[in-house]
Amino acid sequence: MNRTYELMFIVRPDMAEEDQDKLISTLESAVTSTGGVVKNVERMGKRRLAYRVRKFNDGIYVLLTVEGSGGLIHELERRLRVTEPVIKFLTVRIDEEQKRLDKIKAIRDARRKAAPAPATAEAAGEAPAVTA
Amino acid sequence: MADETRAAAGTAEAPSGDRPSGGDRPSGGDRPDRERRPPRAGGPGGGRGEGGPGGRKYFRRKKVCKFCVEKIEAINYKDIRLLAQFVAESGKIVPRRLTGVCTPHQRRLSSAIKQARNIALLPFAGRAS
């Protein structure tokens, strides 16, 4: 039973670029070894934290989109927890939300075909800007 | 003036002499009349009275759900520019009755805000330091 998850984590701001690469690649290998797929890796860069975490005011945000089972996520979270430079992480399951959005989109598309109306505003609203 | 002092002296009532004009208004003959007037005027004038001070002093625009109107379906915890519109200065989630967001969207919104708080994108309380 494969599900899609979004794994966002924050590493300490003074972490070197190579160390980040190393951390990400170890996570990726952990995913692939358990039969999961890394769909996307996004580095959101350094940004200000909304509150102080472990005496840090800034953090480097990394976002992983992973497809796999619950056990895989459990393992990834365990790894993140024991990795010293990771100061915070959050896992969100996104496949059901995506399914819901696709369904709404399909309904809207069908409606648009049935009544071809100018729906340019709708297209703009469908792609929410992910603020980096 | 001389008349009043003489009348006050005649009745030998110092308080009434002190406020001659004030004593005239709440006189015994006036008060029952005023008590009688509200019920009488209340019948035809009641509606007018409500429409005056108690009615629409402030014209309030009907609030609409931003997500329904702009057809924003994805309420994501990463989209903090959107979420920040529904978070008060203190970090609190603004209630539906103030923003006009409909119940299903408010539910998604609040869960997204809570997720954003957990990953330090939004503050739990207070402005970001």
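A few points about this structure:
- Test: A:Val11 is closer than 28 Å to A:Glu97 by Cβ, over 17 Å from the mean Cα position of the chain (by Cα), touching a residue at least 40 places away in the same chain (Cβ under 8 Å) and within 14 Å of another protein chain (Cβ to nearest Cβ): no
- Considered as a group, the residues in the stretch A:51-70 that are within 14 Å of chain B (Cβ to nearest Cβ) and touching a Ser or Thr at 6+ places or on another chain (Cβ under 9 Å) include one that is most open to solvent (accessible area, probe 1.4 Å), and that residue is A:Arg52.
- Leading residue by the ranking (nearest to the chain's Cα centre (by Cα)) among those in the stretch B:93-110 that are open to solvent by 30 Å² or more (accessible area, probe 1.4 Å) and in contact (Cβ under 8 Å) with a residue 24 or more places away in the chain: B:Thr99
- Subset of the stretch B:71-115 [facing chain A (nearest Cβ under 8 Å) and either part of a helix (DSSP H, G or I) or out of contact with any Ser or Thr (no Cβ under 9 Å at 6 or more places or on another chain) (or both)]: B:Lys71, B:Ile72, B:Glu73, B:Ala74, B:Asn76, B:Ile80, B:Arg81, B:Leu82, B:Gln115
- Residue within the stretch A:71-88 that is within 11 Å of chain B (Cβ to nearest Cβ), within 22 Å of A:Glu6 (Cβ to Cβ) and modelled with pLDDT of 90 or more present: yes
- Positions within the stretch B:49-85 being small (Gly, Ala, Ser), open to solvent by 40 Å² or more (accessible area, probe 1.4 Å) and either within 30 Å of A:Asp102 (Cα to Cα) or at pLDDT 70 or above (or both), in sequence order: B:Ala84
- Across the stretch A:30-50, the number of residues qualifying as open to solvent by 30 Å² or more (accessible area, probe 1.4 Å) and out of contact with any helix residue (DSSP H, G or I) (no Cβ under 8 Å at 6 or more places or on another chain) comes to 8.
- The condition (being modelled with pLDDT under 90 and of a type in the set (Val, Ile, Thr)) is satisfied by just one residue among A:Thr131, A:Thr65: A:Thr131.
The values are calculated or read from the model by the stated rules, or taken from the named source; none is laboratory data. What you are looking at is a predicted structure, and each value in this text was computed from that prediction instead of being measured. Cβ: placed from backbone, ideal geometry, glycine included. Neighbour counts: every protein chain shown. SASA here: full protein model, heavy atoms, side chains in, ligands and nucleic acids out. Shrake-Rupley method; radii C 1.70, N 1.55, O 1.52, S 1.80 Å.
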